[in-house]
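Would you mind keeping the following structure in view while I ask a few things?
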Amino acid sequence: MTWFSPAMRALIIKELLSILRDPKSRILLIVPPLAQLVVFSFAATLELTRADIAVYNQDNGAWSRLCVERVAHAGFVHQMYPVYSEKAIRQLIATRQVMAAIVIPNTASSDEAAGRSVQLQIILDGRRANSNQILLGYLTEILASLNAEPVNASPTISDLAVTRHWFNPNLIYQWFVVPGVGGILVTFITLLLTALSIARERELGTFDQLLVSPCTPGEMIVAKMVPALLIGMVLGILMTGAAMFLFRVPFVGSYAGLLFSMLLYILSVNGIGLMLSALCNTQQQAILGTFTLVVPSVLMSGFATPVENMPAFLQWVDQANPLKYYLIILQGSFLKDLPAAVVWANDWPLLVIAVITLTTATVFVRGRLQ
Amino acid sequence: MNPDHQTEQPPAIEITAVSKHFGTTVALQAISAQVKYGHLTGIVGPDGAGKTTLLRLLAALLTPDNGQILVAGYDSVTAPEQIHAVTGYMPQRFGLYEDLSVLENLNLYAQLRAVPPGEQAALFERLLSFTSLGPFTDRLAGRLSGGMKQKLGLACALMGKPKVLLLDEPGVGVDPVSRQELWRMVQALTTEGMAVIWSTAYLDEAERCESVILLNHGQIAYDGAPSILTKRLQGRCFRLSGFATDRRQLLMHALDLPSVCDGAIQGDSLRVVLRAGHDLAELNQFTQSNAAQIEPIAPRFEDAFIDLLGGGSGGRSALAERFDMIQDLACSPVECHDLTCQFGSFVATDHVTFTIRQGEIFGLLGPNGAGKSTTFRMLCGLLKPTSGEARVMDIDLRHAGSAAKRQIGYMAQKFSLYGLLSVKQNLQFFAGAYGLNTALQRTRIDEMVELFQLSPYLNAEPESLPLGTRQRLALACALMHRPAVLFLDEPTSGVDPLTRREFWTHINGLVRKGVTILVTTHFMEEAEYCDRVALMLQAKVIALDTPDALKRSAVTAEVPDPTMEQAFIHLIQTAQSPQQPV
């Protein structure tokens with residue numbers, strides 16, 4: 001394989017033209033991913049802002065009224081429903097009108113006045129496990145602070161710990177979500193571009209023409225990689241820029257480190273895409289294959305759920321998931337100044353994946369010759 | 001048929017000034033025609049002439065932009081349901097479900113056509129015996145041969161006892177023997193009074209129709225009985241034989257004569273058609289100076305079509321003239337020994353052996369599924385043989401390096417070009433892919449653009465070009481690197497006869513420069529251009545000889561001068577007869 005032989009040049013130009021010649025497809029490659037970044041970043045919210053809560057206040061003392069007041073004015077609460085029976089609570093929760101109910105026993109105010117600890121009941125809708133965990137956290141925090149408040153100058157309760165969140169002190173969820181979503185979108189576009197490339201030629205019949213020509217499988221793979229690499233890099237940089245300037249996520253890491261890792265990451269995704277493409281006979285197969293690969297790789301990447309919580313076997317499988325390494329670098333580069341050694345520790349697996357998959361893709365194409 | 005009865009009956013189909021556009025493409029332009037009951041009417045024309053559009057209009061699947069279509073008295077715009085009820089439509093792309101058996105397909109169509117359950121058994125029996133598919137009712141439709149698929153398609157189209165039967169290219173992918181059976185079936189239907197429309201790109205099929213609507217570029221070039229059109233050429237068709245000169249060179253000179261409209265190679269002889277209004281004087285002189293014999297022969301429908309289009313464009317190939325003479329090769333350019341390819345238990349190519357000499361046109365002929373594509377692909381190095389070997393320029397193309405592959409040209413007419421690239425970008429890609437340096441790329445591209453008159457199309461996409469131009473572009477892309485061996489896979493299917501003539505003029509010119517050609521085709525007439533033909537059937541080569549020798553072997557008392565097609569049918573029947581119960 002010679003670099004920039006006439007054949008190599010012709011192949012690269014052909015690949016670039018077949019993706020970029022049509023102005024519509026040019027726009028389709030850049031605009032929807034950016035739009036998706038914006039939409040997903042707001043949609044994939046981990047915050048709770050509009051909760052409806054039922055209150056069954058059996059007490060009516062000063063403290064209990066203060067308590068209801070506090071909850072009602074909290075930022076995450078949308079509306080409070082006063083109820084007067086257990087049955088009413090059951091109904092409101094069953095019909096999903098409220099996410100939770102607070103039951104204040106008739107001894108609450110007097111217990112508080114006497115300096116005893118108050119026992120409240122919080123009933124949650126178990127069907128909405130995730131948001132309820134967040135809601136419970138919020139409520140406990142408010143109620144604890146009330147209990148701690150020296151209404152009667154009671155000295156019995158004191159604050160034991162103050163929570164500090166490093167790297168994202170205000171827990172702005174977008175700081176965490178946006179870089180990750182950007183990375184996932186880049187994955188999807190580059191994987192799809194490469195997965196379609198050989199399958200398209202095979203479906204349309206031009207692949208035979210290519211195999212009969214003097215172009216070598218290595219040249220074909222390199223040529224097919226170039227446009228996806230180019231578009232992936234442009235998109236990756238745009239996503240990073242959007243995160244920094246649109247969502248104001250602080251970027252404290254190294255630009256060079258991130259760019260280098262991005263290049264390795266896209267190469268590894270290209271390799272997987274081309275390997276898949278070499279096996280597919282039609283574009284439909286390639287698209288289905290892309291979905292089959294993207295969904296587990298996102299779910300297992302640590303984007304939504306920590307990798308450490310997965311069973312050992314899956315963690316072992318996850319070693320082959322390039323997105324896992326890239327997300328560590330990506331999120332690390334944004335929020336914490338990830339040390340170069342850690343970046344490299346996640347870079348070399350990407351390099352290994354890229355080398356293996358690209359070689360396999362070349363072998364598959366050559367295999368098709370025989 | 002009773003002629004008096006026919007004149008009383010209103011026409012089965014009446015087309016009045018119908019036009020149809022798709023975007024800026026004009027598919028049909030102000031077409032008017034009539035189709036009679038009890039007649040077999042051919043809609044004939046090259047690909048892209050508007051045949052399928054017309055058929056879909058008649059089936060009330062499309063509505064015309066202008067004009068009116070009446071089918072069995074119903075207007076296609078206001079009464080499409082009634083038209084669907086009285087017509088049977090067999091689309092080109094096979095309307096059957098490949099995963100259902102023959103009987104399940106019939107059941108499905110019976111239900112779609114709302115055949116009363118009581119009548120179903122009798123109808124099935126009649127259709128199965130009519131199509132002789134009775135023994136295969138349990139076989140999956142996808143596993144039927146091309147001919148049997150078409151018969152099943154026909155049975156399904158006949159389900160609703162239609163008055164009008166529309167068949168879109170039923171002859172495609174069907175071997176000549178099955179094609180004859182289809183003709184017989186359709187003729188039986190017309191004698192019952194059904195109006196049958198048979199669309200085709202094969203001009204030889206047109207001759208069998210009682211009436212023909214000849215389409216070209218969306219317009220009717222001729223409407224009437226084919227024999228009347230052919231008769232115009234009476235006395236203008238001749239066979240030249242017995243000459244000593246190279247027949248390709250002689251054809252080139254003959255086509256350059258001002259009085260010659262068309263000419264083609266026919267085995268060892270030439271077939272020449274005079275232009276209207278010219279006498280034989282020039283041709284007689286030409287015959288004498290080449291010590292040949294001349295005799296009049298019967299005209300064919302294709303001659304008439306070419307005459308309608310104004311005749312061919314001379315016999316010189318400017319393309320071939322630019323080629324340098326290829327030196328004698330030390331080895332045979334293409335050879336294969338016991339080439340076998342097996343897919344599972346299915347043998348696609350079974351111990352095929354032949355050697356192609358330098359400067360020879362070698363034809364691979366056979367019905368679809370006979371194994372000619374598989375053989376072709378193994379020779380090109382696209383498919384791994386199960387056993388045996390294929391060598392091109394004494395190397396196995398599967399392991400060949402770039403240098404060796406640069407000596408090969410490859411053109412599959414349907415799939416050669418990149419649709420996403422413009423004409424110019426396609427040329428640039430192929431010039432580069434075959435390793436031409438920048439300066440040489442520019443000269444060769446300019447040369448091809450000039451020779452094939454591509455300059456108006458340089459920025460267009462190949463798909464938007466007329467089929468003939470697309471085919472020229474594909475040939476240009478395959479030849480820019482001046483290959484010594486050229487592989488052609490059905491290079492001229494669907495193109496109009498003039499483009500086909502031009503194509504063969506180039507090929508004849510290239511062969512005279514020492515280029516070796518391997519061509520697959522299902523046009524019998526194209527087989528005549530070959531020096532030798534390998535006829536394939538059921539994975540085996542059943543005959544391999546010169547076209548004339550093949551024809552001679554098929555001479556019988558009834559057919560003293562068989563055509564290539566008759567020879568083909570004879571050879572297939574002879575090859576099959578030991579297995580078939582008599």
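So the check is Cβ under 8 Å with 6+ separation or different chains; which pairs have a first residue in the stretch A:183-204 that's over 22 Å from A:Ser261 (Cβ atoms) and a second one that's acidic (Asp, Glu) and at pLDDT 90 or above?
Every condition considered, the pairs that remain are A:Ser197/A:Glu15.
Follow-up. If we only count helices (runs of 4 or more DSSP H) wholly inside the stretch A:194-288, which ones have 2 or more residues that are within 14 Å of chain B (Cβ to nearest Cβ), on the phi < 0 side of the Ramachandran plot and of a type in the set (S, T, N, Q)?
Result: A:206-212.
Going by what's in this entry, would B:Leu57 be described as buried (at least 22 other Cβ atoms within 10 Å of the Cβ), under 25 Å from the mean Cα position of the chain (by Cα), under 27 Å from B:Arg500 (Cα atoms) and of a type outside the set (Val, Ile, Thr)?
no
Turning to a different aspect of this structure: Can you tell me which residue among A:Leu17, A:Leu11 is at pLDDT 85 or above, under 30 Å from A:Thr194 (Cα atoms) and in contact with a Cys (Cβ under 7 Å, 6 or more places away or on another chain)? Reasoning before the result, please.
Details: A:Leu17 fails: in contact with a Cys (Cβ under 7 Å, 6 or more places away or on another chain).
The unique qualifying residue is A:Leu11.
In the stretch B:128-174, what residues are under 24 Å from the mean Cα position of the chain (by Cα) and on the phi > 0 side of the Ramachandran plot?
B:Glu169, B:Gly173
Could you figure out which of (1) surrounded by 15 or more Cβ atoms within 10 Å (Cβ to Cβ); (2) within 14 Å of chain B (Cβ to nearest Cβ) isn't true of A:Asn57?
(2)
Restricting attention to strands (runs of 3 or more DSSP E) lying wholly within the stretch B:132-251, give those where 2 or more residues are outside the structural domain of B:Ala291 (by TED's automatic domain parsing).
B:164-168, B:195-200, B:211-216, B:219-224
For B:Phe429, only one of the following conditions fails: (1) aromatic (Phe, Trp, Tyr); (2) within 7 Å of chain A (Cβ to nearest Cβ); (3) under 29 Å from B:His351 (Cα atoms). What is its number?
(3)
Another question about this same structure. Does the stretch A:52-91 hold any residues that are of a type in the set (A, V, I, L, M) and either assigned to a loop (DSSP other than H, G, I, E, B) or closer than 20 Å to A:Ile134 by Cβ (or both), and which are they?
Listed by number, the residues that qualify are A:Ile53, A:Ala54, A:Val55, A:Val71, A:Ala72, A:Ala74, A:Val77, A:Met80, A:Val83.
Could you go through the stretch A:66-87 and let me know if any residue there is free of Cβ contacts under 8 Å to residues at least 60 places away in the same chain and among the polar types (S, T, N, Q). Step through it out loud before you land on a result.
Filtering the stretch A:66-87 down to residues free of Cβ contacts under 8 Å to residues at least 60 places away in the same chain leaves A:68-69, A:72-73, A:75, A:77-87.
Adding the requirement that they be among the polar types (S, T, N, Q) leaves A:79, A:85.
Yes.
While we're on this one: Counting residues that are in contact with a strand residue (DSSP E or B) (Cβ under 9 Å, 6 or more places away or on another chain) and over 30 Å from B:Arg247 (Cβ atoms), which strands (runs of 3 or more DSSP E) fully inside the stretch B:328-420 reach at least 3?
B:334-343, B:346-356, B:387-392
Any residue at all in the stretch A:138-156 that's crowded, with 20+ Cβ neighbours inside 10 Å and either at pLDDT 75 or above or within 27 Å of the chain's Cα centre (by Cα) (or both)? It would help to see each step written out before you state the result.
First, the residues of the stretch A:138-156 that are crowded, with 20+ Cβ neighbours inside 10 Å: A:139.
If we keep only those that are either at pLDDT 75 or above or within 27 Å of the chain's Cα centre (by Cα) (or both) too, we end up with A:139.
Yes, the conditions are met somewhere in the stretch A:138-156.
Yes/no matrix, rows are residues, columns are (1) under 21 Å from B:Asp545 (Cα atoms); (2) of a type in the set (A, V, I, L, M, F, W, C); (3) out of contact with any Ser or Thr (no Cβ under 6 Å at 6 or more places or on another chain):
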residue	(1), (2), (3)
B:Glu302	no, no, yes
B:Leu329	no, yes, yes
B:Gln342	no, no, no
B:Val352	yes, yes, no
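Considering only the stretch A:245-282, state which residues are of a type in the set (Ser, Thr, Tyr) and surrounded by 19 or more Cβ atoms within 10 Å (Cβ to Cβ).
Let us first name the residues in the stretch A:245-282 that are of a type in the set (Ser, Thr, Tyr), namely A:254-255, A:261, A:265, A:268, A:277, A:282.
Of everything in the stretch A:245-282, those that are of a type in the set (Ser, Thr, Tyr) and surrounded by 19 or more Cβ atoms within 10 Å (Cβ to Cβ) turn out to be A:Ser261, A:Tyr265, A:Ser268, A:Ser277.
Tell me whether the stretch A:36-51 contains one or more residues that are among the aromatic types (Phe, Trp, Tyr), more than 14 Å from chain B (Cβ to nearest Cβ) and assigned to a strand (DSSP E or B). It would help to see each step written out before you state the result.
Restricting attention to the stretch A:36-51, the residues satisfying the condition of being among the aromatic types (Phe, Trp, Tyr) are A:40, A:42.
Checking which are more than 14 Å from chain B (Cβ to nearest Cβ) leaves us with A:40, A:42.
Add one more test, that the residue is assigned to a strand (DSSP E or B), and what stays is none.
The answer is no; no qualifying residue exists.
Now a separate question. Mind counting the residues in the stretch B:432-453 that are more than 8 Å from chain A (Cβ to nearest Cβ) and part of a loop (DSSP other than H, G, I, E, B)?
Here the count works out to 2.
Right, here's the next one. Consider B:Leu255 against the criteria (1) crowded, with 21+ Cβ neighbours inside 10 Å; (2) over 24 Å from the mean Cα position of the chain (by Cα): it satisfies all of them except one. Which criterion is unmet?
Every condition holds for B:Leu255 apart from (2).
Take the conditions out of contact with any Ser or Thr (no Cβ under 9 Å at 6 or more places or on another chain), modelled with pLDDT of 85 or more and crowded, with 20+ Cβ neighbours inside 10 Å and apply them to B:Cys209. Does it pass?
No; evaluated as a whole, the condition is false for this residue.
So which pairs qualify, if the first residue must be in the stretch B:208-227 and within 10 Å of B:Gly42 (Cα to Cα), the second must be aromatic (Phe, Trp, Tyr), the Cβ gap must be under 8 Å, and the two must be at least 6 apart or on different chains?
That search, which allows pairs on different chains as well, returns B:Arg208/B:Trp183; B:Cys209/B:Trp198; B:Val212/B:Tyr222; B:Val212/B:Phe301; B:Ile213/B:Tyr222; B:Leu214/B:Tyr222; B:Leu214/B:Phe305; B:Pro226/B:Phe301.
Yes/no per residue for (1) free of Cβ contacts under 8 Å to residues at least 24 places away in the same chain; (2) among the acidic types (Asp, Glu); (3) more than 14 Å from every other protein chain (Cβ to nearest Cβ); (4) over 23 Å from B:Asn508 (Cα atoms):
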{"residue": "B:Val352", "(1), (2), (3), (4)": "no, no, yes, yes"}
{"residue": "B:Gly359", "(1), (2), (3), (4)": "no, no, yes, no"}
{"residue": "B:Phe362", "(1), (2), (3), (4)": "no, no, yes, no"}
{"residue": "B:Leu365", "(1), (2), (3), (4)": "no, no, yes, no"}
{"residue": "B:Phe376", "(1), (2), (3), (4)": "no, no, no, no"}
{"residue": "B:Leu379", "(1), (2), (3), (4)": "no, no, no, no"}
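Please find, within the stretch B:454-472, the residue that is farthest from the other protein chains (Cβ to nearest Cβ) out of those that are more than 22 Å from B:Gly218 (Cβ to Cβ) and touching a residue at least 24 places away in the same chain (Cβ under 8 Å).
Across the stretch B:454-472, the extreme among qualifying residues is B:Leu454.
Now for a different question. Every residue in the stretch B:186-206 that is touching a Leu at 6+ places or on another chain (Cβ under 8 Å) and surrounded by fewer than 19 Cβ atoms within 10 Å (Cβ to Cβ), please.
Scanning the stretch B:186-206 gives a single hit, B:Gln187.
With the requirement that a residue be within 8 Å of chain A (Cβ to nearest Cβ) and among the hydroxyl-bearing types (Ser, Thr, Tyr), what does the stretch B:384-426 give you?
Within the stretch B:384-426, B:Ser402, B:Tyr410, B:Ser416, B:Tyr418, B:Ser422 qualify.
Does B:Ile220 fit the bill of being touching a Leu at 6+ places or on another chain (Cβ under 6 Å) and surrounded by 16 or more Cβ atoms within 10 Å (Cβ to Cβ)?
no
Name the residue that is surrounded by the most Cβ atoms within 10 Å (Cβ to Cβ), counting only residues in the stretch B:379-401 that are of a type in the set (A, V, I, L, M) and touching a helix residue (DSSP H, G or I) at 6+ places or on another chain (Cβ under 9 Å).
Once the filter is applied, the top-ranked residue is B:Val392.
The values are calculated or read from the model by the stated rules, or taken from the named source; none is laboratory data. What you see is a predicted model; the values in this text were computed from it and never measured. Cβ sites come from the backbone with ideal geometry, for glycine too, and all protein chains shown count toward neighbours.
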